[in-house]
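Read-outs: derived from the displayed coordinates by stated rules, not from any lab. Since this is a predicted model, take the numbers as computed values, not measurements. Here the Cβ positions follow ideal geometry from the backbone for every residue, glycine too, while neighbour counts run over all protein chains shown.
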Amino acid sequence: MTYILKGANVYNGKSFEKKDIVVKDGVIISFDKTGFADAQEFDFENKYIFPGFTDVHVHLREPGFDYKETIKTGTMASAHGGYTNVFSMPNLNPVPDSLENLNKQLDIIKRDAVINVYPYGSITKGEMGEELSDMDDMAPFVKGFSDDGRGVQSKDMMIDAMNKAKSLNLPIVAHCEDNTLLFSGYIHDGEYARLNGHKGICSESEWGPIKRDTELIKKTGCKYHVCHISTKESVDIIRKAKKDGLDITCETGPHYLILNDMDIKEHGRFKMNPPIRSEKDRMALIEGVIDGTIDMIATDHAPHSEEEKTRGLEKSLMGVVGIEHAFSLMYTHMVKTGIITLEKLIELLTKNPCERFGLDYGIEISKKADLCVFDLDAEYEIKPEDMLSKGKFSPFIGDKVFGECLMTMCDGKIVYEKN
């Protein structure tokens, strides 16, 4: 099959050029539509074409929790958001702590995924923090190791994990959380919690383990990536670690860049881990994006069922959804407001995650057509009924945003097209 995508502003790795894209048998073969009379044409005049986005932190919930999400629904939702690559977290049943368990996930990916899915193996068996997983056996099939959902509490266990990951040339992808500092908290230990009688989660529960681990990186030389940072101190520690030459990267999510704890409502859709923090933290995260301390935007897309997310702030399960609207939210709140450029946003969503985790990307002749098309002038309201994910409880429900996905191609196949 041959497709012609006509007249769009195409990202070339640095800026935008107005040109056509010809895709044949999954590959970009020309930027000149002349001579392809039998091709299916799409008129994208004044629209924008980007390399497909990459999210290094997504919960697809399968195997084990397919009532929350499946690999099929999760990847369809990802395609709806313009994503062609997602990295699946290992808090599953069974936990991918051995090749046997990992293969159960890989079989479903092969069968059902509509975009590229790259799993992580767990750091420890069962994510219990007591014994290393079978990292050697899983290494050829994973992009790194994570116990996401639980922090590795033991310093000695983390040293062992880092040394093993270093020998395999794969990163530790760390959920940084000190359980001794949680005190049954469930939102940020800030003004909203105090005003409304909620138990808070202190910032040190996040930045303390990051500080610990930066010292361990110095000893081991391990590649290290920090998940979902949310605090000012985390930004400061990572900024210093980068200046010290450590092999460290990090991510934050759209919700941490847009909301502060005073935006919280008494509903489970505002409950995630780590929690939405203070305005001071939000501004520090924005500064970290601007100066390059924060390398990438990752959604931590973590769907739950309606019953699990409608128990109020205290009793709802932690988890945010947002992969379907991440670009639109960032474009509306960060680009249209002049905080960052559109080019910078594409770096955060594509270039930086791909380079860190060793994926090919870009819209070039002879490359696979992994791309997405957006109408940046289109404004729409975020509504649960329009979401393809099983998880419908976004903190941004009802918000109006700019930048609507018209099409996503993965391996040259149209995996999402707006009706």
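For the range 234-332, state which GluC sites (Glu not before Pro) are in a DSSP loop and have at most 15 other beta carbons lying within 10 Å of their beta carbon. Show your work: numbers first, answer last.
Details: sites: GLU251, GLU266, GLU279, GLU287, GLU306, GLU307, GLU308, GLU314, GLU324; in loops: GLU266, GLU324.
For GluC sites (Glu not before Pro) across the range 234-332 that sit outside H, G, I, E and B with at most 15 neighbouring Cβ atoms in 10 Å, the list reads GLU266.
Take the alpha carbon atoms of the range 35-91, find their center, do the same for the range 132-165, and report the distance between the two centers in whole angstrom.
Comparing the Cα centres of the range 35-91 and the range 132-165, I get a distance of 27 Å.
Of LEU359, PRO63, MET138, which is farthest towards the positive pole of the chain's charge dipole, taken about the Cα centre with +1 and -1 on the beta-carbons of Lys, Arg and Asp, Glu respectively?
Among LEU359, PRO63, MET138, the one farthest towards the positive end of the dipole of the chain is LEU359.
Output ³J(HN,Hα) for the range 39-51: one whole-Hz value per residue in order, computed from phi by the Karplus curve 6.51 cos²θ - 1.76 cosθ + 1.60 with θ = phi - 60°, and x for Gly and Pro.
So the Karplus estimates, Gly and Pro as x, are 6, 7, 9, 10, 8, 10, 3, 6, 8, 10, 10, 10, x Hz.
Got a sec? Charge dipole of the range 191-311, +1 on Cβ for Lys and Arg, -1 for Asp and Glu; which of HIS228, GLY208, ASN260 is way out at the positive end?
Projecting each Cα onto the dipole axis, the largest value belongs to GLY208.
Angle check, please: helix 155-168 long axis (alpha carbons) against the longest principal axis of the chain (alpha carbons), in degrees 0 to 90, nearest 10.
Helix 155-168 sits roughly 30 degrees off the main axis of the chain.
Which one, LEU342, GLY292, GLN40, projects farthest toward the positive side of the charge dipole computed for the chain from Cβ point charges (K/R +1, D/E -1)?
GLY292
Over the chain, with a Gaussian network built from C-alpha contacts below 10 Å, which listed residue (PRO303, PRO384, PRO353) shows the highest mean-square fluctuation?
Among PRO303, PRO384, PRO353, the largest mean-square fluctuation in the Gaussian network model of the chain belongs to PRO384.
Taking the square root of 5 times each eigenvalue of the Cα gyration tensor, what semi-axes in Å does the equivalent ellipsoid of the chain have, largest first? Kindly include the intermediate steps, with their values, before the conclusion.
Values: eigenvalues 223, 120, 86 Å².
Working from the Cα gyration tensor, I get semi-axes of 33, 25, 21 Å.
Dividing the alpha-carbon Rg of the range 139-202 by 2.2 N^0.38 Å yields what?
Values: Rg = 16.2 Å, N = 64, 2.2 N^0.38 = 10.7 Å.
That ratio works out to 1.52.
On C-alpha positions alone, give me the angle between the axis of helix 232-243 and the longest principal axis of the chain, in degrees, nearest 10.
Roughly 70 degrees, rounded to the nearest 10.
Quick one: 3J(HN,Hα) in Hz for the range 267-275, Karplus 6.51/-1.76/1.60 with θ = phi - 60°, rounded, Gly and Pro as x.
Karplus values, whole Hz, x for Gly and Pro: 8, x, 5, 9, 10, 8, 10, x, x.
Roughly how big is the range 231-364's charge dipole about its Cα centre, with Cβ charges of +1 (Lys, Arg) and -1 (Asp, Glu), in debye to the nearest 20? All intermediate terms of the calculation are to be shown ahead of the outcome.
On the way: 18 positive and 24 negative charges, 71 e Å.
It comes to approximately 340 debye.
Amide H to amide H under 5 Å from VAL27: which residues, 5+ apart in sequence or cross-chain, H placed 1.01 Å off N in plane?
ALA369
Which residue, ASP236, ASP213, ASP244, has the most motion in a Gaussian network model of the chain that connects Cα atoms within less than 10 Å?
Greatest mean-square fluctuation among the candidates belongs to ASP244.
Taking the Cα centre of the range 148-269 as origin and charging only Cβ (+1 Lys, Arg; -1 Asp, Glu), how large is the dipole, in debye to the nearest 20?
About 400 debye.
How high is the relative contact order of the chain, in percent, with contacts defined as C-alpha pairs under 8 Å that are six or more residues apart?
Details: 1002 pairs, mean separation 78.5, N = 419.
Contact order relative to length: 19 percent.
Mind telling me which of VAL173, VAL320, VAL142 comes out most flexible in a GNM of the chain, alpha-carbon contacts under 10 Å?
Among VAL173, VAL320, VAL142, the largest GNM mean-square fluctuation belongs to VAL142.
To check you understand DSSP bridge types, tell me what percent of the beta bridges within the range 20-179 (both residues inside) are antiparallel, rounded to 5.
Details: 4 of 14 bridges.
Around 30 percent of the beta bridges assigned by DSSP in the range 20-179 are antiparallel ones.
Quick one: net charge around LEU216, please, counting Lys, Arg +1 and Asp, Glu -1 for every other residue with C-beta under 14 Å from its C-beta.
Details: positive: LYS155, LYS164, LYS166, LYS211, ARG212, LYS218, LYS219, LYS223; negative: ASP156, ASP160, ASP213, GLU215, ASP244, ASP247.
Surrounding charge for LEU216 is +2.
Looking at the chain, what % of its DSSP beta bridges pair antiparallel, to the nearest 5?
Details: 29 of 57 bridges.
That works out to approximately 50 percent antiparallel.
Roughly how big is the chain's charge dipole about its Cα centre, with Cβ charges of +1 (Lys, Arg) and -1 (Asp, Glu), in debye to the nearest 20? The partial results should precede the final answer.
Numbers: 52 positive and 69 negative charges, 84 e Å.
Roughly 400 debye, rounded to the nearest 20.
Using a 10 Å Cβ count of at most 11 others and DSSP loop calls, identify the longest part of the chain lacking such trypsin sites (Lys or Arg not before Pro). Walk me through the numbers on the way to the answer.
Numbers: sites that count: LYS14, LYS265.
Result for the longest clean stretch: 15-264.
In the neighborhood of GLU308, defined by Cβ-to-Cβ distances under 10 Å, what is the net charge if each Lys or Arg adds +1 and each Asp or Glu adds -1?
Numbers: positive: LYS68, LYS309, ARG311, LYS315; negative: GLU306, GLU307.
Every neighbour counted, the sum reads +2.
Going through the range 54-151, which GluC sites (Glu not before Pro) have at most 12 other Cβ atoms within 10 Å and a DSSP loop state? Walk me through the numbers on the way to the answer.
On the way: sites: GLU69, GLU100, GLU127, GLU130, GLU131; in loops: GLU69, GLU130, GLU131.
Loop-located and lightly packed - GLU130, GLU131.
Note down, for the range 1-77, the three equivalent ellipsoid semi-axes (square root of 5 times each alpha carbon gyration tensor eigenvalue), biggest first, whole angstrom.
Working: eigenvalues 216, 51, 21 Å².
Working through the eigenvalues yields semi-axes of 33, 16, 10 Å.
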